[in-house]
Every structure is written in structure tokens, then in C-alpha cells.
Ligand code: GCV
């Protein structure tokens, strides 16, 4: 049985140590190659001895086998992942499920972060017209945190990319950052602006079939790889929300992506091409159908170093969406999913919402086996606690752990995180229970949380469903206040904006009922899904209630499984969501004696906001829908 030091450290805590709050013990003698694993174990392993072995017979480059205090791996990277696992108390063999496990930073070169709620960028700012010097110690902490959860890549700038990113002074900075991340097994990638050859290279076009454009990108790739030989590649948002792209020259996404893919291929680079498109080319088409309409023809036409990167849902990171049907439609194209760690539509860094259950829901519908990688839009900034809300750290943590193993349970991940974040995190050596014969079993979650920590766990596990309830139950979606997406605005309609930005377009409330008819009698979005989901979602009688108003326009008097009419059920869900937050608040009050002062206070303040905001959601939405329903 694995015991943990149960005494709560009451020393001042600002959250900057994340889940890595081990005391520096410098006790263990570590045999084996000198590397990050050796450094970490020497500093933090509570035993007297640990052994690291490079074993060429292990096939996975990043995997490891832990047996007692011995770690075997094919590479030093594997040893490093093994060392962090050993410090978490794991035994046995493990290897990452996805090869590509990247963060996407929506960081702008001026230091601001699009949809960032934790301060300014840790990478970028301006010093006059030049990039500001980086903080190597901070970047090293960032690298270590990511490595501890298995993240192996990072895109350093916003997908709404400035062409300046590819200019020499910035490439020099990227090189400096890459040098700090490299020992931790993290590759750097950049988002690129498709029109860079015009903005930077003074060409008259960015047409992907133009020979000068091709040559420009090839030369740019060469310049980058000369500085950063293990550079990962490019992430591209093209012809989406005003960004330039191959469509500007009547070229396809495949033609655009392949031109870039050719430029990085000689160096082993990849292109992550986003499918998040809607608008201009699709007048009148249901927004959630547009990605499939635009990309389907391109299936099978991409080069083999292009990966299509799609958001988990077909709309835009709502608290709940059905999976995006693009995953069903691009069967010949390698695909990766983009998850949003930053809580753009989930209460920013003010609401406590643990996202692992949402991501697990996605992996339950789209088999991880159909994907080659995962990207997470980061929630990291210069705030002392990195993520704005102490509990938002759990989402960074959970993203990494699920990218390593998408079959891990939300509960196991949360338990690990609580232990690292609110307990000492430190295991005592005699607390390890070395199973004699289970070298293939990953992770032993056989430690026990204290009563109060179990309550924190329950709060985390319920928090996402609560958020769905108090924001947009039963499949309602995108009824957020305009632009900043914090708080409700179900009556939102501005005639001069595209309809796809207006809440009324999504809920379609009228005297008859509410919801978006996407069945075969409506926009027929359901037909983009493979069976069984196509039929399941299409029929109001089989459509899961959690997606009801996503796929159907439902009469107010329609009876739900609970026996309530739709209108009664909507009100009950809003009530339930608010009650849950009241309960979370009570749990947090109860936890006060067990949590250090600063973190308790900072979370407490945010929870008060969350409760107020949940009540506001309930009031605004029920008042508004009542005008139709009663
Ligand atoms: C980076 C949504 C967000 C934008 C974001 C965009 C995207 O529209 O509101 O801030 O831009 O998605 O994912 O490209």
C-alpha cells in the first residue's frame, strides 16, 4: 500500500510549483547515464538508490519499464518519462499512445494571448520593435512541467499568426527557446501566416502553385532548420476568420498544405493543417457542416507529412458538443484532435471546471486509434500560478496525461493531480509497494486520498456537468455574450455581423419550441455522421438528451425521460447547475483548514464569482426562454 505524507504543508504557496511540489531531498544515489532523469531522481527520489538503464531492446522511443527503483528505456527521453512516473509512484511498463502531444499557444508577439486568462505570454513581448529577451529559468520550469506529464511539442505562437514570426530576430528567439526545451524532449513548432511570402518576402502573391512562393517557403524552412535542426514544423489556420490561405487563389487546402509540406519534408518536419473553417464560401450552410463540405474532396490528396487538425466538436469548444463529423469523413488523411485547455467558453480562469470528463467523452465517441496526435490550446501565462485559477492547472495536467494515455480515467488523473498539488506530493520510500509480477501494468493508483481531498475530487468530477447545466443544458449552444464569451446573451443578434456569431442563430427559440433542427428534415447535419450516430442523432426519440437541442427543434411541451416537459426540464437543469456550484462552494469552505492560505483565498474569490455567474446564467436564460415558452 502506498502511503503519502498526510500532513499538509501550511507554508506559503503561490501555485508556481504546480503539481511538482516535491521537497528537494538530494538523497538518492543514481546509477546510469547522466540525464534529466538522473537529475530529477537525485533531487526528489526518497529512496537511497535508483538505477537507470538504456535498453535497446525496448521498441518505443519514449516508453519505459519501471521495476522497483530501476528504470529501463530505449532513450534518455524514455528514462525521463520513467523518472517522473516513478516519482508519481508508478510501476510497470508504459509508452505514449499518441506520437504527437503538443500544446498550442495562442500567444501574440506583442505579449497578449488570444483567449488567455492567466496574464501575458511567457514567450513573447516587445522591447521597442524587437522581441523581448526570454526568461530562461521560467522556460525551463515550463519544460519540466510539460515533460512531467509527457507533452513532447509546443507551438509557440497564435494560429492567427503574424508574418513577423518568421523574421530573423524571431527565429533567433525560437532557437533560444528550443535549446531550453530540447533536453526535456519537447520540439518547437510555429504557426505560420500563409501570406508570409508577401509580407516578409515582398512577393506579389502567396499562391501555393507559384514557383517563387514555393522557393520562398523552401528557403525559409532551410533557414529555420539550420538554426533548429529538430524543429517540428508548421501549424496553419488558412482561409478561416479572415486569415489568408490557398482559397485566395482558388487553390484547395491540399494544394496549400502540400506546398508547405514539401518545404519541411527534407528535414523531417510536419504540417498541422486546421479544419476550423466557416463563413465566406458557405453562404447559408449550417456552420457545423462546413468543415466536411470544404475538406471532403481533399481526402487522400494530402502529402504524408500533413496532419489535419480539428477541434473535438464541429462548432467551437462549447461546454458540450457532439464530436466533429470530420473525423468520420477523412478516412485517408492522418488526423489529430485539437482540445481547448484554456476555458474560452467554460468560464475563463474564473470557473472551476475540470475538463478531463469532456475529453474522455470525445475519446469515447472517436476512437483514439483513429488519431495520430493531440493538440491542446494552452491556458498558460505569466501569472504566478501559471493558469490564473489554481484548479485550471488540473486541465493542463489532464491534457498531458490523456495525450499519453487517452484511456486513463478522469478520476485517476484528478487523484494524481490533487495529490501532487494539495498534498506534499512526496512519497516515502517504504510506502512503495512493488508488485512482483506486473511489469505490464501501468500505474498503481492505490494510495488513499484524505476525506477532504476526496471531496475536492468529487467537486472536480462533477464540475463540467454542472457547467453544462448552468450555461447551456440539453444541447443548447453558443448563447454566450458577444466576443469575450463570458456570461450569457441568448438574445444576442447584431444584424451587421455574420449570423454564425449570433446566439439566436443557434437556439432558434420561438413560440413552438427551441433548438436547431439538424435532422434530415432540417439542415441534415446528421447525415455527415457514420452509423450508428447518424440514425441515433437524427431521430428525436433516440437522440441522447444531452444533444437534444443541438440536433432538434423541440416543442416546449415535449416530455423528457424525467417526465418533465422540455420547458420544466430546462429550468430544472439550470437549478441543478447552480445548486452544484453552491455545493462546491460549501466544500471549499470545509477545506479551509487543510489548504494553505494564499491558494485557499484565491480559489475562494474565484468560486464566489463562479456562483454569481452561474446564477446570472440561470436568470438571464430562463427569463429569456420564458418569453417563448409560457
Ligand atoms: C485563435 C474561435 C475563437 C478565436 C480563435 C478561433 C480559432 O473563433 O474565438 O479566438 O482564434 O476560434 O480557433 O482559430
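The values are calculated or read from the model by the stated rules, or taken from the named source; none is laboratory data. Just so we're clear, the structure is a prediction, and the values are computed from it rather than from any experiment. As a convention, Cβ positions derive from the backbone with ideal geometry for all residues, glycine included, and neighbour counts pool all protein chains shown.
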Exercise for the section: Find the residue count for the stretch 112-134, including only residues that are crowded, with 18+ Cβ neighbours inside 10 Å and either in a loop (DSSP other than H, G, I, E, B) or within 16 Å of the ligand (Cβ to nearest atom) (or both). Expected result: 11
Handout entry: Candidate set from the stretch 311-337 (those that are outside any loop (DSSP other than H, G, I, E, B) and touching a strand residue (DSSP E or B) at 6+ places or on another chain (Cβ under 9 Å)); member that is nearest to the ligand (Cβ to nearest atom)
Key = 311
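Whether any residue in the stretch 226-246 is assigned to a helix (DSSP H, G or I), within 16 Å of the ligand (Cβ to nearest atom) and either touching a strand residue (DSSP E or B) at 6+ places or on another chain (Cβ under 7 Å) or over 21 Å from residue 340 (Cβ atoms) (or both) is what I want to check.
For the stretch 226-246, residues assigned to a helix (DSSP H, G or I), within 16 Å of the ligand (Cβ to nearest atom) and either touching a strand residue (DSSP E or B) at 6+ places or on another chain (Cβ under 7 Å) or over 21 Å from residue 340 (Cβ atoms) (or both): absent.
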Completion exercise
Within the stretch 361-391, the residues that are away from the ligand (no atom under 16 Å from the Cβ) and assigned to a loop (DSSP other than H, G, I, E, B) are 366, 367, 371, 372, 382, 383, 384, 385, 386, 387, 388, 389
Practice task
With the checklist (1) within 15 Å of the ligand (Cβ to nearest atom); (2) buried (at least 21 other Cβ atoms within 10 Å of the Cβ) in hand, flag the one item residue 394 doesn't pass.
Solution key: (1)
Exercise for the section: Kindly check whether there is at least one residue in the stretch 64-76 that is surrounded by 17 or more Cβ atoms within 10 Å (Cβ to Cβ), at pLDDT 95 or above and within 30 Å of residue 311 (Cβ to Cβ). Expected result: no
Handout entry: Selected residue [at pLDDT 95 or above, surrounded by 18 or more Cβ atoms within 10 Å (Cβ to Cβ), under 25 Å from the mean Cα position of the chain (by Cα) and within 16 Å of the ligand (Cβ to nearest atom)] from 529, 547, 470, 506
Key = 506
Exercise for the section: Could you list all residues from the stretch 155-178 that are outside any helix (DSSP H, G or I), within 16 Å of the ligand (Cβ to nearest atom) and either over 18 Å from the mean Cα position of the chain (by Cα) or crowded, with 24+ Cβ neighbours inside 10 Å (or both)? Expected result: 155, 156, 157, 158, 159, 161, 162
Practice task
Give the residues of the stretch 269-310 that are in a loop (DSSP other than H, G, I, E, B), out of contact with any helix residue (DSSP H, G or I) (no Cβ under 6 Å at 6 or more places or on another chain) and either closer than 25 Å to residue 486 by Cβ or within 12 Å of the ligand (Cβ to nearest atom) (or both), sorted by residue number.
Solution key: 276, 279
Practice task
Determine whether the stretch 351-360 contains at least one residue that is outside any loop (DSSP other than H, G, I, E, B), within 24 Å of residue 291 (Cβ to Cβ) and without any contact (Cβ under 8 Å) to a residue 12 or more places away in the chain.
Solution key: no
